[in-house]
Amino acid sequence: MFRFLTSGIKKAWHQLPVPLALLKLNEFRDTMRQKNLHDTSQLPTKGDDAPPAPSPDGRHLKVRTADGSFNDLKHPEMGKAGTRFGRNVPVKYTYPDEKNLLNPNPRVISQRLMTRDEFKPATTLNLLAASWIQFQNHDWFSHSTPELKKPINIPLKEDDPWSQKHGQMEVGTTPADPTRPEGDTKNPPTFINEVTHWWDASQIYGSNQETIDKLRSHVDGKMILAEDGLLPFAPDAEDPKLGVDIVGNPDNWWVGLSMLHLLFVKEHNTLCDHLKKQYPSWSDDELFDHARLINAALLAKIHTVEWTPGILGHPALQLAMSANWWGLLGQQTKRLFGRIGGDSEALSGILGSPTDHHAAPYYLTEEFISVYRMHPLIPDEFKFYSIKNGELLLEKNFREVAGKYNRPILEQIEMPDLFYSFGITHPGAITLHNYPRFLQELIRDNGEKFDLAAVDILRDRERGVPRYNQFRELVGRGRVKTFEEITDKPEWAKELREVYNNNVDSVDLMVGMFAENPPEGFGFSDTAFRIFILMASRRLKSDRFFTKDYRAEVYTQFGLDWIDDNSMLTVLRRHYPTLSPALVGVQNGFAPWRKVGVSGY
C-alpha cells in the first residue's frame with residue numbers, strides 16, 4: 001500500500017530513517033508472503049494416511065491437540081506431527097545437487113572457515129539467548145534420525161588429524177519421506193517433521209499423547225517434578241548418576257536446555273494453581289489444557305518481543321516485533337480499547353486478527369531450519385558463579401555439561417546460580433571462525449568422531465536448500481558477483497575464494513550468512529533475516545490460537561491477562577526470587593545482567 005514511498009530508494013533498509021525502514025520491512029514481508037511460501041504436500045503421496053479423528057467430546061475445538069491436528073479445522077492434518085516440511089523457495093529449486101554433494105569438501109570448509117581460533121563474544125546478549133533458541137528449535141522442527149545404513153562418506157585430507165585412523169567421515173542420510181511413492185525421481189525429495197509445526201511448546205509437552213501422558217502428574221493439571229525439584233530423568237544404563245531429563249524433546253541435551261525446560265514446567269504448574277483457584281470445578285484435563293495454552297503463548301510472546309529485539313538490536317526491529325504482537329498503537333491502547341482498525345495487523349497486531357495462511361498451507365520449512373543454524377552462540381568453556389557473592393563455583397567445558405553429564409551439574413550448582421551464571425556470560429557471535437570446537441569433535445557411541453559444522457553444510461546440500469547466491473536471489477536480495485560483496489574483511493574474502501575455487505556461486509548458505517556484514521545491531525545476517533521477516537509473522541498469523549481463537553472464551557480472561565502481564569524477567573523472579581539483585585535495571589532478560597559482589601556494579 002505504501003510501496004510508492006520507498007520506491008527508488010537506493011539505501012539498504014537498515015540505513016533508512018525508522019519510519020521508512022518499517023515501511024520497507026512491511027514491503028519485504030508482503031512480497032515474500034506471495035513469493036516465498038511453497039507447498040510440498042501437493043507433491044505425490046501414497047495417499048494411505050487416514051485423516052485425524054476429532055475428539056468425541058469436541059475438546060479439539062478449543063485446545064491444542066497432542067499432535068497438532070485440528071489447528072486448522074477445515075484441514076485438520078495441517079501442521080500436525082509427521083507431516084512434510086514446506087519450502088521458502090519454489091520446489092523446482094530444491095533438487096539436491098548430487099554431483100556436487102561433497103564439493104567443496106564440507107570437512108575442509110569446517111576446518112578452514114568455521115574453526116574457532118579465539119572466542120568472539122556477542123556482547124549485547126547473555127548466554128540465555130543461546131540456550132533459548134535451541135529450546136525453541138526443539139518446539140519447531142525435528143528431522144528423523146539419520147540412517148547410517150545409507151551413509152554419505154566425506155573424504156578426509158591427508159593433513160586432517162582424523163585421517164590416520166579414518167580415511168573418511170561417515171554421515172547418515174536424512175531418512176526418505178515415507179509418505180512418498182517409491183521410485184518417484186521426477187520430483188524433488190521431501191522430508192518429515194517429527195514434531196508439530198505449530199508454536200505450541202511441544203518441546204515441553206511432546207508431540208504425541210503417549211509422551212504427554214508420561215510427563216503429566218494427572219493431578220490438578222500439573223506436570224511431574226521430582227522430589228528434588230528437578231525434572232525427572234532417565235538414568236544412564238552404565239552409571240545411574242548420569243542421565244538426561246525426561247521431556248517432550250530431549251535431543252542434543254545440555255545444561256542450558258535443562259534450565260529452561262524446568263523453568264517453564266514450573267510456570268505451567270503455577271498456572272495450574274491459579275486456574276484451580278479461579279475454576280475449582282475444572283477437571284485435571286481442563287486445567288492442563290488451559291495452562292498449556294497460556295504457557296505456549298507466553299513462550300511465543302517472550303520470543304517475539306524479548307529474544308528477537310535482543311538479538312536484532314535495530315530501532316525499526318524493536319517497533320516491528322512489538323507491532324507483530326500488539327500493533328503499532330501499542331500494548332496499553334490495545335488493552336484499554338481492544339482492536340482498533342478492525343482486522344489491521346499494523347494497528348492492532350496479529351494477536352486476535354483473522355487467520356491467514358497466505359500463498360500456501362502452513363508448514364515450517366527447510367529454509368527456516370537452515371537460517372536458524374546458530375551454533376556459534378555456544379561457548380566451549382563455562383564458568384559458574386554464586387548469586388550470593390559472585391564467587392566462582394565451578395569451571396567446565398561443554399562436553400562436561402552436555403548429554404548424560406548434564407545431570408551432575410544440576411545437582412552440584414543450585415538453579416539460581418546457574419541462571420545467574422548464564423545471565424552474566426556472553427554467548428558467541430554468529431560469524432565465521434567462531435564455531436564451537438566441541439561440536440567439531442563430537443563422538444558417537446562407537447567412538448568415531450564427526451564434525452557438526454561439516455554436517456550442517458552437508459544437510460543443506462542433501463535437502464536441496466539453495467546455495468548462498470541463489471538463495472539471496474530467490475528471497476529478493478539479489479546475487480553478489482564477488483567474494484568482497486559478501487564480506488568487508490579482506491582475509492575472509494581471500495579464504496572464501498580459495499576454499500570455493502574462485503566460484504562465488506558455490507558458497508554454501510550457512511557459510512555466506514556467517515561471512516556477511518550484518519546490519520548494525522544485528523546478531524545475524526540480513527540474508528537469514530529475510531526468512532525471519534516472513535516466518536516470524538507466519539507462525540502467529542496461521543495459528544488460530546494466536547488469531548481468531550486468541551480470546552477469553554478459549555484462554556480465559558485470566559490467561560490473556562497473564563500473557564500480557566508477564567515476561568522472561570517476571571518468570572525468572574517468580575520462580576527464583578534470589579535472582580532479583582542481578583536483574584536490577586535490566587530491561588530485557590536476554591541482555592547482560594548486573595554482576596553481584598563486583599566493584600562498580
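Ordering 593, 140 from the fewest to the most neighbouring beta carbons within 10 Å gives 140, 593.
Tell me which GluC sites (Glu not before Pro) from the range 312-381 have a DSSP coil assignment and no more than 15 other beta carbons within 10 Å of their own.
Working: sites: 345, 366, 367, 381; in loops: none.
Passing both the DSSP loop test and the Cβ count: no residue.
If R0 is 45 Å, the Cβ-Cβ spacing of residue 517 and residue 99 corresponds to a FRET efficiency of close to 0.90. Converting phi to 3J(HN,Hα) with the Karplus coefficients 6.51, -1.76 and 1.60 and the offset θ = phi - 60°, the range 435-441 yields 7, x, 4, 4, 6, 8, 9 Hz in sequence order, with x at every glycine or proline. With all projection directions averaged, the alpha carbon convex hull of the chain covers 28.2 nm².
Hydrodynamic radius of the range 1-141 by the Kirkwood approach over all distinct alpha-carbon pairs: 20.8 Å. Exposure proxy for 281, 217: other Cβ atoms within 10 Å of each Cβ, ordered fewest to most, give 281, 217.
Here residue 481 is the anchor, and the aspartates and glutamates within straight C-alpha reach of less than 13 Å, apart from those fewer than 8 places off in the same chain, are 473, 505.
Put simply, the amide H of residue 385, placed in the peptide plane, has neighbours under 5 Å in 393, 421, leaving out anything fewer than 5 places away on its chain.
In this structure the amide hydrogen of residue 254, modeled in the peptide plane, comes within under 5 Å of the amide hydrogens of 403, none closer than 5 places in sequence on its chain. Extension gain for residue 394-residue 226 works out to 58.0 nm (0.36 nm per residue, less the C-alpha to C-alpha distance).
Å³ per residue of the Cα convex hull, for the range 470-595? Could you put the intermediate results ahead of the total?
On the way: hull volume 20.4 nm³, N = 126.
Roughly 162 Å³ of hull volume per residue.
Quick one: check the C-alpha center-to-center distance for the range 397-459 versus the range 319-339, whole angstrom. Rounded to whole Å, the Cα centres lie 38 Å apart. Packing here is the average count of other Cβ atoms within 10 Å per residue, and on that basis the peptides 331-343, 540-552, 11-23, highest first, run 540-552, 11-23, 331-343. Note on the range 42-116: lysine pairs with Cα distance below 26 Å, sequence gap of 8 or more or different chains, count 6. Packing here is the average count of other Cβ atoms within 10 Å per residue, and on that basis the peptides 507-518, 121-132, 313-324, highest first, run 507-518, 121-132, 313-324.
If you take the Cα centroid of the range 134-155 and the Cα centroid of the range 30-66, the two points sit 23 Å apart. Computed from Cα atoms alone, the Kirkwood hydrodynamic radius reported for the range 138-205 is 15.0 Å.
Note on 267, 77: ascending count of other Cβ atoms within 10 Å places them as 77, 267, the fewest first.
GluC sites (Glu not before Pro) within the range 85-190: which are DSSP loop residues with at most 13 other Cβ atoms inside 10 Å? Don't skip to the end; give the middle numbers.
Details: sites: 98, 118, 147, 158, 170, 182; in loops: 118, 158, 182.
Of the GluC sites (Glu not before Pro), the ones in loops of the range 85-190 whose Cβ has at most 13 other Cβ atoms within 10 Å are 118, 158, 182.
Summary value for the chain: 21 percent relative contact order, contacts being C-alpha pairs under 8 angstrom separated by 6+ residues. The amide H of residue 172, built 1.01 Å from its N in the peptide plane, has 152 as neighbours under 5 Å, considering only residues 5 or more places off or on other chains.
Here, each number is a calculation from the coordinates, and none is a lab measurement. The model shown is predicted, which means the values in this text are computed figures rather than measured ones. When we count neighbours, we look across all protein chains shown, and the Cβ atoms used for this are built from the backbone with ideal geometry, even at glycine.
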